[in-house]
Amino acid sequence: MARKDLLDIASLHREEIEFLLDQSTSFKKLFTRSVKKIPALEGKSVLMLFYEASTRTHSSFEVAAKRLSAEVTNFDVAHSSITKGESVRETIETLQAMRTDYIVVRHSHPGLPGMIARQTTASVINAGDGAHEHPTQALLDAFTIKEKFPDPRGKRVLIIGDILHSRVARSTSTLLQKLGVEVAYLGPGSLVPKYVPESIRRFTDYEAAMAWAPDVVYLLRVQMERQDVQFFPSVREYHRVYGITTARLAEIRDKGLYIMHPGPVNRGVELCDAVMDYERSLITNQVENGISIRMAVLDWLTPGGDFPKQEAYNAQQKASSPVIVP
């Protein structure tokens, strides 16, 4: 199905997910060539609209767009009229007048990318909205796992850490389950939502979680900036109870498990330094795969046009969106 926007994972059909993963495989083959660009989006413009700091996602989208021969514009929020009180709605009206084709947006307000999508003919890609969704991270995670397990059905992924504030946990667990992967959460009781889907196991004890026999251990960054109260006694205590220590890494190595992390990594919190040199760490693979996944997404979406299913989804989002337009 042709789509104008990519706002979440829940609305994607499995066939669409498989298509994007297959396309990513083709785009990744370009990385080994001397000339890595193709003219797929030649003459098109991509606007990077990031209201929150980002290194990996921002640079990955920018590289992806340029390898598709698109023109990239970075919207400098710090030096824009937003600092003078301009609302997001006014900003989008200004950008719409510039006739940009794609808008990659990150914002702290859940649901705001959907609001932007309803006001512009440009294709809008959600690059993270608060603790709500991060669809391209989920896609690159699935792509990374499928490289190791071509048929991931029945495989087990243990997601450890700050589940409560994590858009990555929500999007990635939703997508993996669509592919038949079993998912479990592990973290302090204060950082694991009280109510999670029945299909997801919930652990608070590390040893019990490892007895579940996961194939992949996925560590989440502890998001101090989203925590308005203290959720655990100390960083040192968190690392001791839930982090991958040197001793736990040795056990993981003996079992041949893979380790993933969306970055940026808090060394000494989620994991010890030695994890970065672990032969089955997929952290750098995730960074590389982010480019090919985002190339696939940009190439797949179609700005403008009449997309009844997408419009119906947008209408549903409008009715249920928690966002308050600043």
What number of residues within the stretch 278-320 satisfy the criterion of being farther than 18 Å from I103 by Cβ and modelled with pLDDT under 95?
8
Scan the stretch 83-101 for residues that are surrounded by 16 or more Cβ atoms within 10 Å (Cβ to Cβ) and modelled with pLDDT under 90 and jot them down.
V88, T91, I92, L95
Sort out which residues of the stretch 11-36 are modelled with pLDDT of 95 or more and assigned to a loop (DSSP other than H, G, I, E, B), and write them in order of number.
S11, L12, H13
For G161, state whether it is on the phi > 0 side of the Ramachandran plot and in contact with a Phe, Trp or Tyr (Cβ under 9 Å, 6 or more places away or on another chain).
yes
Filter the stretch 34-72 down to residues that are surrounded by 15 or more Cβ atoms within 10 Å (Cβ to Cβ) and of a type in the set (G, A, S) and give me whichever is farthest from T302 (Cα to Cα).
S54
Checklist (1) open to solvent by 70 Å² or more (accessible area, probe 1.4 Å); (2) modelled with pLDDT under 95; (3) of a type outside the set (D, E); (4) farther than 22 Å from L175 by Cα applied to S80, failing item:
(1)
With the requirement that a residue be modelled with pLDDT of 95 or more and open to solvent by less than 40 Å² (accessible area, probe 1.4 Å), what does the stretch 239-261 give you?
I244, T245, R248, L249, I252, G256, L257, Y258, I259, M260, H261
Quick one: would you say V275 is crowded, with 17+ Cβ neighbours inside 10 Å, over 29 Å from D22 (Cβ atoms) and modelled with pLDDT of 95 or more?
yes
List every residue pair whose Cβ atoms sit under 6 Å apart, with the two residues 6 or more apart in sequence or on different chains, where the first one lies in the stretch 190-210 and is in contact (Cβ under 8 Å) with a residue 12 or more places away in the chain and the second, anywhere, is of a type in the set (D, E) and open to solvent by less than 20 Å² (accessible area, probe 1.4 Å).
L191/D162
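The values are calculated or read from the model by the stated rules, or taken from the named source; none is laboratory data. Note that the structure is predicted; figures quoted are calculated from it, not measured. When we count neighbours, we look across all protein chains shown, and the Cβ atoms used for this are built from the backbone with ideal geometry, even at glycine. What goes into the accessible areas is simple: the full protein's heavy atoms, side chains included, and nothing from ligands, DNA or RNA. Shrake-Rupley method; radii C 1.70, N 1.55, O 1.52, S 1.80 Å.
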